[in-house]
1. Using only Cα atoms, what Kirkwood radius does region 18-84 have, in angstroms?
2. Name the residue farthest towards the positive end of the dipole of region 18-84 from the options 44, 20, 33, assuming +1 on Cβ of Lys and Arg, -1 on Cβ of Asp and Glu, about the Cα centre.
Amino acid sequence: MVFLPPLTGADEGRRAQRDCSLREVSNALRYIVRCGCQSRMMPHDLPPWQNVYQKAQRWMKACCFEVMAHDLRELSRLAKGRKARPTAAIVDGRTLQSSPESGGRAGYDDY
């Protein structure tokens, strides 16, 4: 266990304090994703867009969203009575639309 020394008067200015709760930042990010708007276009009842943008960049750099998706996937599988990690995978090929120039060899049909 690590014990940190108490803050002195000189240290107080160096430590940034949170202006808004992480829950409010999370709600603002959900609003941006749901509405598809820019950060600067958020309503004023949410935290300032600069705070939300900065925190989102930090979370993306730390891969927080990937970790959350992975954990939710495992919890979902466990809730359904499956193993946390799948034991098999299905790989499917991708079909691309062909053009008239590629002709019949690529499956292009003239109607």
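Every number in this text was worked out from the coordinates using simple rules, so none of it is lab data. Bear in mind that the values here come from a model prediction, so they are computed numbers and not experimental data. Using ideal geometry, Cβ is built from the backbone for each residue, glycine included, and neighbour counts are taken over all protein chains shown.
1. Result for region 18-84, one decimal place: 13.4 Å.
2. Selected residue: 33.
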